[in-house]
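J.: Next up is a structure, given as structure tokens.
The values are calculated or read from the model by the stated rules, or taken from the named source; none is laboratory data. These numbers were taken from a predicted model, which means no experiment stands behind them. All Cβ positions, glycine included, derive from the backbone under ideal geometry; neighbour counts span all protein chains shown. Just the protein is used for accessible areas: all its heavy atoms, side chains included, with ligands, DNA and RNA removed. Shrake-Rupley method; radii C 1.70, N 1.55, O 1.52, S 1.80 Å.
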Amino acid sequence: LISKKPIEELTRERIILTAKSATSHCLLKIIMVKGYAASPVYEVRPVPVENPIPADASASLLIGDDALNLYHHRKSGFYYYDIGKEWKKLTGLRMVFAVWVVHKEFARERPELVQQVYERITQGFRNGYAKKQQIIESVLDSKPFTRQQLDEYFEVIQWQFDDKEQEALRLFYSLAYEMDLIEQVPEIKIAEVHRLC
């Protein structure tokens, strides 16, 4: 979140939301209500990195490379907030930004394929992490980040979905449902796989 004002002062201000992530929209709305007792006006529209906060708004929410770009190339006069850190401050838990999902019926009927997908994804994460420096080197010329910034980013990302992550996701769903941001609280059921060492 990049803002013209401190986050505590965004009580009824207009916040522009990137069109790239509905999950992040929910997360920000939860943080604003539960963490700051705020009820901003939200509008979804493209957020250009060159001009991240339009004249008719007080703040903008960005994700991915756009957010990292602004975070690492800060302009004076703006306030910057990592919504993952804001969630941790609010709940004491890490935010789960993504999960791999498989339909229950498919998992029941084709457990060998679920196992195969699990192994490939898990091995892919391991291979990617083992080649982290090579990956960083390959994008340095095309991305507006330093080697250190990319290295730190890869260290922040976690790939597990253990008890604490499940607790965090359940809390996210519960708060989103309480605020009418989702229609129901999804059930989290872990597919049976043989974990790799």
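J.: How would you classify the chain from its alpha-carbon gyration tensor, with a ≥ b ≥ c the square roots of the eigenvalues: rounded for a/c under 1.5, else prolate if a/b is greater than b/c, otherwise oblate? Each step should come with its number before you reach the end.
T.: Details: a/c = 2.33, a/b = 1.31, b/c = 1.78.
Oblate.
J.: Tell me the angle of helix 111-130 to the major Cα principal axis of the chain, expressed in degrees between 0 and 90 and rounded to the nearest ten.
T.: Once rounded, the angle reads 60 degrees.
J.: For labels at ARG147 and ASP162 in the simple 7 Å Cα→Cβ model, what's the distance in nm?
T.: Result: 3.2 nm between the two label points.
J.: Rounded to the nearest percent, how much of the accessible area of the stretch 68-152 (1.4 Å probe, protein heavy atoms only) is carbon and sulfur?
T.: Details: 3340 of 6110 Å².
Carbon and sulfur together cover 55 percent of it.
J.: What does the accessible area of ASP163 come to, in Å² to the nearest 10, when a probe of 1.4 Å is used?
T.: Around 130 Å² of this residue is reachable by solvent.
J.: Stretch VAL44-ILE135 to full length: gain in nm at 0.36 nm per residue minus the Cα-Cα span?
T.: Working: separation 91, 0.36 × 91 = 32.76 nm, distance 3.28 nm.
Fully extending the segment from VAL44 to ILE135 adds 29.5 nm.
J.: Calculate, in nm to one decimal, what VAL117 and ASP56 gain on full extension: separation in residues at 0.36 nm each, minus their alpha carbon distance.
T.: Details: separation 61, 0.36 × 61 = 21.96 nm, distance 4.61 nm.
Going from the current span to full extension adds 17.3 nm.
J.: For the chain, what is the accessible area per residue in Å², given a 1.4 Å probe and the full set of protein chains?
T.: Details: 12670 Å² over 197 residues.
For the chain, the solvent-accessible area averages 64 Å² per residue.
J.: How large is the direction-averaged shadow of the alpha-carbon convex hull of the stretch 89-197, in nm²? Walk me through the numbers before you get to the answer.
T.: Working: hull surface 38.0 nm².
The number I arrive at for the stretch 89-197 is 9.5 nm².
J.: Check the straight Cα-Cα distances from LYS5 and name the aspartates and glutamates below 14 Å, setting aside those fewer than 8 residues away within the same chain.
T.: Excluding near neighbours in sequence, the set is GLU13, ASP56.
J.: Excluding residues on the same chain fewer than 8 positions from LYS4, give the lysines whose Cα lies under 20 Å from its Cα.
T.: Correct list for LYS4: LYS29, LYS75, LYS85.
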